[in-house]
1. Quick one: which helices (runs of 4 or more DSSP H) lie wholly within the stretch B:131-216 and hold at least 2 residues that are crowded, with 18+ Cβ neighbours inside 10 Å, aromatic (F, W, Y) and in contact with a strand residue (DSSP E or B) (Cβ under 6 Å, 6 or more places away or on another chain)?
2. Does A:F267 satisfy the criteria of being among the aromatic types (F, W, Y) and open to solvent by less than 10 Å² (accessible area, probe 1.4 Å)?
3. Hey, any hits in the stretch A:18-39 for a residue that's within 14 Å of chain B (Cβ to nearest Cβ), open to solvent by 20 Å² or more (accessible area, probe 1.4 Å) and without any contact (Cβ under 8 Å) to a residue 60 or more places away in the chain?
4. Would you list the helices (runs of 4 or more DSSP H) that sit entirely within the stretch A:180-267 and hold 3 or more residues that are in contact with an Asp or Glu (Cβ under 9 Å, 6 or more places away or on another chain) and within 27 Å of A:F129 (Cα to Cα)?
5. Of the residues that sit in the stretch B:66-125 and are among the small types (G, A, S), farther than 17 Å from B:T167 by Cβ and part of a loop (DSSP other than H, G, I, E, B), which one is nearest to the other protein chains (Cβ to nearest Cβ)?
6. Which residues, counting only those in the stretch A:74-109, are under 23 Å from A:V141 (Cα atoms) and without any contact (Cβ under 8 Å) to a residue 40 or more places away in the chain?
7. List the number of the failed condition for A:E240; all other conditions in (1) open to solvent by 60 Å² or more (accessible area, probe 1.4 Å); (2) within 30 Å of A:L146 (Cα to Cα); (3) modelled with pLDDT under 90 hold.
8. Given (1) over 22 Å from A:L254 (Cα atoms); (2) touching a helix residue (DSSP H, G or I) at 6+ places or on another chain (Cβ under 9 Å); (3) modelled with pLDDT under 90, where does A:V363 come up short, assuming only one miss?
Amino acid sequence: MMNFIRISARNLLRNKLRTTLTVLGASVAIIAFVMLRTVLSAWSTAADFAAKDRIATRHKVSFVITMPKNYVDQIRAVPGVKSATYAIWFGGKNPKKPEQFFATMAFDAPSMLEVFDELVLAPDQQQAFLADKQGAIIGDVLARQLGLKVGDRFTLQGSIYPGDWPLNITGIYTATKKSIDRSSMFFHYSYVNDSLPPDRQDQIGWIASRIDDPGRGPAISAAIDQMFDVKDIQTTTMSERAMNLSFMGMISSLLKALDVISIIILFIMMMILGNTIAMGVRERTREYGVLRAIGFPPASIAWFVVGEAAVTGIVSGIVGLALSFPIVELGLGRLLEENMGAWFPYFRIDPKTYVMGMGLALVLALAASIVPARNAFRLQVTDALRRLA
Amino acid sequence: MSTESPIVSLKEIRKTFFRGKEPITVLDGLSLEIPAGSFEALMGPSGSGKSTLLNLIAGLDRPTSGSAMVAGANIGKMSDGDLAKFRSGNIGFIFQAYNLLPVLTAQENVELPLLLHGLSSAERKKRAQTALRVVGLEDRSHHDPRQLSGGQEQRVAIARAIVNDPTIIVADEPTGDLDRKSADEILNLMDRLNKEFKKTILMVTHDPAAAERATVTRKLDKGQLR
């Protein structure tokens with residue numbers, strides 16, 4: 001069936017090199033767009049993985065300021081709180097590879113295994129961890145990266161808590177849910193605390209509490225904060241999701257920048273398409289003149305141009321999205337999940353991003369065709385035919 | 001169709017273009033009647049207004065003043081859209097440079113004007129095949145234009161011009177890009193269209209041999225018929 005789209009598609013194949021380069025250029029823009037949108041969605045997905053029946057309490061001013069350890073006992077007494085644990089951010093590094101990032105936290109081990117019950121640890125490894133003050137458990141992903149196994153000895157280099165901190169790897173954990181990062185290292189709070197000078201002891205970074213009813217989370221949080229309102233150090237209690245989002249708030253400028261860049265990339269794509277379409281229209285002016293002469297109305301000529309843009313946009317969208325899958329999900333995604341699991345526990349392209357990418361490829365191609373289509377629409381037959389000579 | 005009744009009737013036609021603010025009158029009070037079924041050649045030096053006159057008769061342009069009746073329609077007063085419909089139903093075009101769409105086969109090029117008439121695909125193919133048979137290129141229907149010689153391309157263009165059974169065929173230098181042999185073949189074909197199929201043909205040419213094939217030759221100079 002001969003129709004506008006078919007003729008438009010054939011027109012695109014007249015200059016195969018230019019069409020290929022245009023489609024590739026637009027596809028690269030689509031890939032970059034998908035990648036940036038996936039970074040943004042993966043970041044918020046990390047927050048969405050948070051447990052709904054867990055709340056977190058931190059210093060009212062900032063996450064980086066510590067609170068007295070005895071707060072945890074008072075929180076355990078709040079109605080609705082089933083259990084609570086506490087931790088500090090240790091900020092340790094692998095002395096052999098200081099540039100490698102992984103989360104290191106010192107927890108109250110017995111209560112931590114109760115509060116974070118989606119963490120899976122073999123019973124013998126759990127016993128060994130609880131029995132050894134220098135014991136540490138690491139996620140299976142981090143164990144692979146560091147080449148560690150149970151029974152190994154590993155020395156962490158402290159930054160917030162300076163010095164060398166030898167640890168015994170007593171267990172390698174996995175997780176039943178994405179709320180647990182499998183590239184972290186946990187060890188005993190008492191090991192760190194007992195090594196500190198008296199004036200720095202018994203300070204904690206945050207308290208994680210398991211509650212009996214997720215629906216009462218805001219009320220329980222308010223009760224906890226109210227309890228400490230009269231103290232020198234006040235608290236802020238929030239859902240685990242809100243806590244994760246507050247981490248993201250620290251990098252909100254970066255996220256906004258990525259958002260803006262993704263829009264700029266789309267405009268670049270539109271200009272690439274617009275340029276190609278305009279060149280095609282200019283080259284085919286005499287053919288459009290002939291079509292007009294044999295009776296095609298001006299709107300039909302404009303439709304030829306729009307059809308050509310639509311075909312280019314659709315092909316670019318399909319190619320871009322087809323390439324995005326292996327690049328983003330199988331390449332970059334796996335790399336980020338392995339190495340930055342704390343930030344990107346699930347780096348996968350959101351189906352909405354596919355739809356958005358395809359839709360935008362088509363819409364922007366159509367937008368790019370507006371001016372060339374208008375020019376084709378306004379073409380004077382006699383002027384167009386004069387280009388025959 | 002009677003050969004006596006004029007199919008083209010132009011009265012006091014004036015066509016003025018503007019180069020910047022400077023008016024240039026190309027046709028100056030020209031009157032002309034062309035009987036239906038005639039084969040007329042229009043000759044004249046470059047810039048004499050031949051193509052402008054052809055464009056006016058074909059409904060590609062409108063006169064600045066004067067009356068232009070073609071195939072019973074007052075085309076001087078028509079909108080762009082109405083002119084397009086008029087051309088689609090009444091005019092067949094043959095251009096010097098053939099102007100086939102290179103992305104379409106010979107048959108698809110011939111089918112192009114029929115897309116405007118809401119015909120089924122099968123009907124379009126049937127009519128295109130008939131037109132190609134008339135010009136002797138039925139066996140080349142699936143060839144791309146680049147696979148055809150210049151003469152064959154022009155024959156495909158003629159098939160495209162006649163496929164919707166137009167009242168008038170306008171030809172602007174139809175043999176201008178062809179060698180003598182191919183030009184003669186095209187002129188023979190036009191002669192046949194005129195005599196056998198009773199088509200009114202108006203041809204602009206610089207070639208005296210081509211003009212000899214016409215039943216009437218008109219000469220245009222400085223916007224006036226001599």
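1. On the way: elements: B:150-162, B:180-195, B:208-213.
Ranges flagged: none.
2. Numbers: among the aromatic types (F, W, Y): yes; open to solvent by less than 10 Å² (accessible area, probe 1.4 Å): no.
Here the answer is no, as A:F267 does not meet what is asked.
3. Filtering the stretch A:18-39 for residues within 14 Å of chain B (Cβ to nearest Cβ) gives A:19.
Cutting the leftovers down to open to solvent by 20 Å² or more (accessible area, probe 1.4 Å) gives us A:19.
From what is left, the residues that are without any contact (Cβ under 8 Å) to a residue 60 or more places away in the chain are none.
Within the stretch A:18-39, none of the residues are within 14 Å of chain B (Cβ to nearest Cβ), open to solvent by 20 Å² or more (accessible area, probe 1.4 Å) and without any contact (Cβ under 8 Å) to a residue 60 or more places away in the chain.
4. Details: elements: A:189-195, A:217-228, A:240-249.
Ranges flagged: A:189-195.
5. The residue in question is B:A97.
6. Restricting attention to the stretch A:74-109, the residues satisfying the condition of being under 23 Å from A:V141 (Cα atoms) are A:87-109.
Scanning the stretch A:74-109 gives A:K96, A:K97, A:E99.
7. Here A:E240 clears every test but (1).
8. (3)
The values are calculated or read from the model by the stated rules, or taken from the named source; none is laboratory data. Not measured: the values here are computed from a predicted model. In this analysis, Cβ positions are derived from the backbone assuming ideal geometry, glycine residues included, and neighbour counts consider all displayed protein chains. To get the accessible areas, we keep the full protein, side chains included, count just its heavy atoms, and leave off ligands, DNA and RNA. Shrake-Rupley method; radii C 1.70, N 1.55, O 1.52, S 1.80 Å.
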